[in-house]
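> Before I ask anything, let me first share the structure, which is written out below as structure tokens.
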Protein chains: 2
Amino acid sequence: MIVRDKKGLAYMTDIRTVTVCIDAMGGDSAPEAILDGVRDALAADPKLLIILTGASESIGPFAALHERCAAHATTEVIGMEDHPAQAVRAKRDSSIVVGCGLVREGRADAFFSAGSTGAVMAAATLGMGRIRGVSRPAIATVIPTSAHPLVLLDVGANADVKAENLVQFAHMGAAYARIVLGVLEPRVALLNIGEEPTKGSMLAQEAHHAMTEQVPGFVGNAEGRDVTAGTVDVIVTDGFTGNVVLKLLEGTSKSLMGQIRDAMTSSLSNKLAAAVLKPSLTRLKERLDPEAYGGAPLLGVRGVCIIGHGSSGSRAVTSAIRVASQAVRGELTETISSAVTTEG
Amino acid sequence: MIVRDKKGLAYMTDIRTVTVCIDAMGGDSAPEAILDGVRDALAADPKLLIILTGASESIGPFAALHERCAAHATTEVIGMEDHPAQAVRAKRDSSIVVGCGLVREGRADAFFSAGSTGAVMAAATLGMGRIRGVSRPAIATVIPTSAHPLVLLDVGANADVKAENLVQFAHMGAAYARIVLGVLEPRVALLNIGEEPTKGSMLAQEAHHAMTEQVPGFVGNAEGRDVTAGTVDVIVTDGFTGNVVLKLLEGTSKSLMGQIRDAMTSSLSNKLAAAVLKPSLTRLKERLDPEAYGGAPLLGVRGVCIIGHGSSGSRAVTSAIRVASQAVRGELTETISSAVTTEG
């Protein structure tokens, strides 16, 4: 990708060095899966620098072995059982709080954690601060569809929103689709329960009106079925509906795939037939695997922040680091800032 | 099933004669698919009477051939393009308005239509009236899960609701699960974005509190993934979220099944293997087929009212008639009335 710097000089984005800070303590398989993912990311991108935060004994030996990797030892860990906002205030030397601080100080361009979503959200919002003009940061997620990936937001940061928040989510989601998914002119839709502008809740009707006036590329309402149909590039909704959608998708895929597997192994002849089909079905599964899209970006904070699923394996970590580098090189934060200010 | 009448006498519900009024004009394949479904329903239940509403030339010959079927000719049709509430007021001699009128007059016990959901909702609410104490009727749907079917409501009647409406939805959904699905003590949950009572939107928090106090069998919050997991029997939500969930489920199943079919037919060896698996996969598809659960009941009106999908085939019509008869014989309306009054 070619971008222009502040002096208007064009250059290939992949020549810019990017520093990504990684929380080595977050997620079910930390630190092993995290470090495996970092190793693969370093191998794939020669202009990538990594700073690890976490327990000295976990990250020190790894950093010593990899020349573009530094260890920033921390003494505290925020667990899944901690109250997010309280833990962020109390555990100042935790891998999450320190990581977000490194971004604020300009020592890292981006932060990734597969730890507590609430804690990362609180630490990034407090630590990095919000982009000027953004009232509410939002969590986006990339959903694989049969046609092309879709950006859905908010998926859980804001359970109660106003129409003006949804307009900002639209700007942020469009910026992400452009920079990370490479969609030049993203088609942006509002999740609603009918096609016409007069359909839906009072919030949805108000948001439809505001988005029609303020959001470039706004194509109108999308319905539940459009989430997997690949008809648009960005779908905007409140964090309550978005979170229900995300968890329903996870649940449905898992349950349907499980039942298909059961059907395929219910007899010897079925098992033999399933063996023939396995390569094709594995390719399908890989194409639909959310791990390929590397975690959920917290959009609207000053710095790139990617939140990984608690179950993130090394592949998800590598993808998240690639996505973070793309976001930094494509100037995601600056793009959101100017989109929000223009409309502001 | 055994129920007790007003004098306390127990009797088998299947000996009670039920009259179901059917809109022969509603749905993509009307009247053929509707009449085929009616024929099968009449054959399956000797105590079933049918009144058809619709164009004389469509329903007359069919009714003449079937002794337990009467034709009530109407001259108007409400189409999918009509504004529901306006059409219900303007087209007094339409198959939908007349059908709801027959229930109000006591000439039919239940009404089924695969026509415009909005129009059926408006006609039933205006024509049959609400059950005393019910502020807002809600549309429920039965979702097949791997374990057992689930009642989800509201799926679209009320985009904006209050906590007290959700409490009533819970009573109505529980009554439906008991009477139609035969679940003696339904586990009722609130759709939310976290397990704890303090999670979610302000509405969800308030509803959680109210349901804890007022809803028997309330088990707390359910998340998106619980919709297909079969962990509870009834999930209550607002009509906005519920409608998004319903359409997302339809879209996901369709898209995933389509992609699996593509993968299975991508080569000759795959096609041969798929042929071996076909019977097992067909059984799975049938088990997950929403047509088996026969349409979406509009709960809270004075009379049984079932709304079919526009694409309803004859099997869906037969199922809907069976479900309507079960609801009448199990005294759904009376059960909802007493549940709402007790709490009121």
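Derivation of every value follows stated rules applied to the coordinates shown; laboratory data play no part. Small disclaimer: the values here were computed from a predicted structure and weren't measured. For neighbour counting, all protein chains shown are included, and Cβ atoms are generated from backbone atoms with ideal geometry for every residue, glycine included.
> Treat the count of other C-beta atoms within 10 Å as a stand-in for reagent exposure and order B:160, B:23 from fewest to most.
Numbers: B:160 15, B:23 32.
By the 10 Å Cβ count, ascending: B:160, B:23.
> Write out the trypsin sites (Lys or Arg not before Pro) in segment B:110-165 meeting two conditions: DSSP loop, and at most 16 other Cβ atoms within 10 Å of their Cβ.
B:132, B:162
> Let me ask another. What's the average, rounded to a whole number, of partner chain beta-carbon atoms within 10 Å of each residue's beta-carbon in A:225-232?
Working: counts 10, 3, 6, 10, 4, 1, 0, 0.
Mean partner-chain Cβ count within 10 Å for A:225-232: 4.
> Based on the Cβ-Cβ distance from residue B:338 to residue A:67, what FRET efficiency comes out when R0 is 56 Å, to the nearest 0.05? Before the final figure, lay out each step's value.
Working: r = 75 Å, r/R0 = 1.34.
In this case the efficiency is close to 0.15.
> Separate question: When N counts the residues of segment A:141-289, how does its alpha-carbon radius of gyration compare numerically with 2.2 N^0.38 Å, as a ratio? Could the numbers behind the result be given before it?
Working: Rg = 18.1 Å, N = 149, 2.2 N^0.38 = 14.7 Å.
Ratio of Rg to 2.2 N^0.38 Å for segment A:141-289: 1.23.
> Ranked highest first by average number of other Cβ atoms within 10 Å, how do B:164-174, A:79-89 line up?
Working: B:164-174: 26.5, A:79-89: 15.7.
Packing proxy ranking, top to bottom: B:164-174, A:79-89.
> Tell me the net charge near residue B:39. Cut-off is 14 Å between Cβ atoms, residue B:39 excluded, with +1 for each Lys or Arg and -1 for each Asp or Glu.
Summing Lys/Arg as +1 and Asp/Glu as -1 gives -2.
> Between residue B:43 and residue B:268, what is the FRET efficiency for a Förster distance of 51 Å, r being their Cβ-Cβ separation, to the nearest 0.05?
Numbers: r = 43 Å, r/R0 = 0.84.
E(calc), rounded to 0.05, equals 0.75.
> Report, for segment B:142-289, the % of DSSP beta bridges that are antiparallel, rounded to 5. Each step should come with its number before you reach the end.
Details: 2 of 12 bridges.
Rounded to the nearest five, the antiparallel share is 15 percent.
> If you take every DSSP beta bridge whose two residues both sit in chain B, what share of them, in percent to the nearest 5, is antiparallel?
Numbers: 12 of 41 bridges.
Given both bridge residues lie in chain B, the antiparallel proportion sits at roughly 30 percent.
> Could you give the dipole magnitude of the protein assembly as shown about its Cα centre, charging the beta-carbon of Lys and Arg +1 and that of Asp and Glu -1, in debye to the nearest 20? Intermediate results must be reported in sequence, preceding the final value.
Values: 64 positive and 72 negative charges, 135 e Å.
Its charge dipole is roughly 640 debye.
> Could you give the dipole magnitude of segment B:91-205 about its Cα centre, charging the beta-carbon of Lys and Arg +1 and that of Asp and Glu -1, in debye to the nearest 20?
Numbers: 11 positive and 9 negative charges, 69 e Å.
The calculation lands at about 340 debye.
> Suppose every Lys and Arg Cβ carries +1 and every Asp and Glu Cβ carries -1, with no other charges. What dipole size does chain A come out with about its Cα centre, to the nearest 20 debye?
Working: 32 positive and 36 negative charges, 111 e Å.
Magnitude of the dipole: close to 540 debye.
> Helix-derived [θ] at 222 nm for the protein assembly as shown: sum -39500 (n - 2.57) over DSSP H runs of at least 4, divide by residue count, nearest 500?
Working: 24 runs with 322 residues, N = 688.
Taken over the protein assembly as shown, the calculation gives -15000 deg cm²/dmol.
> Taking the rotation axis that maps chain A onto chain B, which residue of A brings its Cβ closest to that axis, and at what distance in whole Å?
Axis relating chain A to chain B; nearest Cβ residue and distance: A:273, 2.
> Separate question: Can you list, largest first and rounded to whole Å, the semi-axes you get for the protein assembly as shown by taking the square root of 5 times each eigenvalue of its Cα gyration tensor?
Working: eigenvalues 515, 140, 116 Å².
Square roots of five times the eigenvalues give 51, 26, 24 Å.
> Simple spin-label model, 7 Å along Cα-to-Cβ: residue A:286 to residue A:107 in nm?
In this crude label model, residue A:286 to residue A:107 measures out at 3.9 nm.
> Separate question: Within 10 Å of each Cβ in peptide B:203-211, how many partner chain Cβ atoms are there on average? Round it to a whole number, please. Let's see the in-between values first.
Working: counts 3, 3, 1, 0, 0, 0, 0, 0, 0.
Mean shielding count: 1.
> Taking only C-alpha pairs under 8 Å that are 6+ residues apart, what is the relative contact order of segment B:142-289 in percent? Intermediate results must be reported in sequence, preceding the final value.
Working: 221 pairs, mean separation 48.6, N = 148.
It comes to 33 percent, rounded to a whole number.
> Below 19 Å Cα-Cα, how many Lys pairs turn up in chain A? Only count pairs eight or more apart in sequence, or on different chains, if you could. Don't skip to the end; give the middle numbers.
Values: A:162/A:199; A:247/A:285; A:254/A:278; A:254/A:285; A:271/A:285.
Number of lysine pairs found: 5.
> Which Cα, out of B:305, B:41, B:294, lies furthest along the positive dipole direction of chain B (beta carbon charges, K/R +1, D/E -1)?
B:41
> Another one. Please give the contour-minus-distance gain from residue B:15 to residue B:147: 0.36 nm per residue of separation, less the Cα-Cα distance, rounded to one decimal in nm.
Working: separation 132, 0.36 × 132 = 47.52 nm, distance 3.05 nm.
Length gained, residue B:15 through residue B:147: 44.5 nm.
> Sticking with this one: For segment A:69-161, what are Rg and Dmax over the alpha carbons, in angstrom?
Answer for segment A:69-161, Rg first and Dmax second: 14.7, 45 Å.
> Mind pulling the per residue volume of the convex hull built on the Cα atoms of chain B? Å³ is fine.
Working: hull volume 51.6 nm³, N = 344.
Here the figure is 150 Å³ per residue.
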